[in-house]
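Worksheet for the structure shown next.
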Amino acid sequence: MATVQTLDSPGSAPRRNVAVLAASLFGLALGEELWQSYMPAYLTALGAGGLAVGMFGSLKDLLDSAYQYPGGWLADRFGRRRSLLVFTALAMCGYATYALARAWPVVCLGLLGVMAWKSAAFPTTFAVIGDSLPRDRRAVAFSVQSILVRVPRVIGAPAGGLLIAQFGILGGIRAALLATLAIALVVLATEFFGFRETPRAAIAGPAPRLRAIFAALPVALKRLLIAECLVRVGEGVAASFIVLFVLQVRHLTAAEYGVLYAVQQAISIAFYWPAGRIADRTGRGPLVVMTFIFFAAFPLAVRFAAGFPALVAAFCIGGLKEIGEPARKSLIVDLAPDDRRARAVGVYYSIRNLVVVPAGILGGLLWQLAPALPLEAASVIGAIGVAVYLGIGRTA
């Protein structure tokens, strides 16, 4: 890979940019984790039913798909710095809309802004790491990225549960959203003053269409995409209903759920660094298989966990489903063409997330039939994804 020439002294801007990116990821994750896992409960408190909660999950997946390629195109066309600033500002508008909502459809409107950071900025984070680091250091870099995003989950989810216990669902989540806005303002200032653009980040000339970008993806990357689509559909069926299952069927409190969620994230964090080192030294494939298996097992483990200790064990399995994330992400970056890296990542995630869109609605329909059905269906679909990856994923 060619050396990245910077607008500052050689070699200084990539390190600085990775540091700014790390601060942005950590700061916004810390704010969002105060309330993110409790959004289904927030929606129900604002009058949403089970189907509406599922539709919210599907809208989130739809935006996750729709924002990926435009986000990658903006990052390649106009630069990483400008893209980060725009996406952070849009996310702040979304947080404010959430806080002001007095009915659940308004929360759906706020999701348009919130997903600008979670999805449109996603290819930019991949591109900054790809721009700044060689192949044999990328899995470790993605491990660090994942840790920075998930350490706030260990802190934020229990803190959010305490706010809810103190002020109720509506008051607690609105207080958490105000805190998120304050953190996001600091992040915006850090990006504005700290990030240094590179010539590679701004491209000229006509941009290839999405179809052309997809056609140019290597076969191994397309094969990984097929398998992951199935696994993520399974995840999407259960995603909005695991918290409701724990709160409404197992009758745990929001604070107890926050502890379970923190356990899940702590397990993920503990394995990120060694998994990244292993992926850089021995290859990506085996760890990707493991992560897909745990994705399939997690909903079923929650389904059959009858008490708090069993739920702790189930959420430990949920933590292990992230063990192959650094390997999978670094594999995507390794296979993406250097000259259109952000757009290639955007196309990959656009397709993956578009396929997942109906999963939330399916989960909502199953939830109305029986609360356990979304979790059972999620495990079945995830198992099919594992089988597909084992059948066609050997070249990855």
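Please tell me if F295 is touching an Asp or Glu at 6+ places or on another chain (Cβ under 7 Å) and in contact (Cβ under 8 Å) with a residue 24 or more places away in the chain.
Considered against the rule, which asks whether it is touching an Asp or Glu at 6+ places or on another chain (Cβ under 7 Å) and in contact (Cβ under 8 Å) with a residue 24 or more places away in the chain, F295 comes out as yes.
Name the residues in segment 295-338 that are β-branched (V, I, T), open to solvent by 10 Å² or more (accessible area, probe 1.4 Å) and in a helix (DSSP H, G or I), would you?
Taking segment 295-338 first, the residues β-branched (V, I, T) are 302, 312, 317, 323, 332-333.
From what's left, open to solvent by 10 Å² or more (accessible area, probe 1.4 Å): 312, 317, 323.
Selection gives V312, I317.
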Exercise for the section: Mind listing whichever residues of segment 380-396 are part of a helix (DSSP H, G or I) and surrounded by 21 or more Cβ atoms within 10 Å (Cβ to Cβ)? Expected result: I381, G382, G385, V386, Y389
Problem - Residue that is nearest to M39 (Cα to Cα), among those in segment 135-162 that are modelled with pLDDT of 80 or more and open to solvent by 50 Å² or more (accessible area, probe 1.4 Å) - result: L162
Practice task
Take the residues in segment 1-56 that are open to solvent by 40 Å² or more (accessible area, probe 1.4 Å) and of a type in the set (D, E, K, R), then tell me which one is modelled with the highest pLDDT.
Solution key: R16
Fill in the blank from the handout: Exactly one of V263, V249, V231, V219 is within 17 Å of the chain's Cα centre (by Cα) and either β-branched (V, I, T) or open to solvent by 40 Å² or more (accessible area, probe 1.4 Å) (or both), and that residue is V231
Problem - Residue among G234, G318, G276 that is modelled with pLDDT under 90 and not aromatic (F, W, Y) - result: G276
Handout entry: Cβ pairs under 8 Å, 6+ apart, first in segment 41-55 and over 13 Å from S240 (Cα atoms) and assigned to a helix (DSSP H, G or I), second open to solvent by 40 Å² or more (accessible area, probe 1.4 Å) and at pLDDT 85 or above
Key = A45/I169; A45/L170
Completion exercise
When every residue in segment 77-96 that is assigned to a helix (DSSP H, G or I), more than 21 Å from the chain's Cα centre (by Cα) and of a type outside the set (A, V, I, L, M, F, W, C) is compared, the one modelled with the lowest pLDDT is R77
Exercise for the section: Only residues in segment 108-121 that are within 10 Å of F87 (Cβ to Cβ) and among the charged types (D, E, K, R) count as the first member; pair them with residues that are at pLDDT below 90 and crowded, with 20+ Cβ neighbours inside 10 Å, Cβ under 8 angstrom, at least 6 apart or cross-chain, and list the lot. Expected result: K118/D64
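The values are calculated or read from the model by the stated rules, or taken from the named source; none is laboratory data. Predicted model, so just to flag it, every value in this text is computed and none were measured. Heads up, the Cβs are rebuilt from the backbone with ideal geometry, glycines too, and the neighbour counts pull from every protein chain shown. Please note that ligands, DNA and RNA were not included when accessible areas were found on the heavy atoms of the full protein model with its side chains. Shrake-Rupley method; radii C 1.70, N 1.55, O 1.52, S 1.80 Å.
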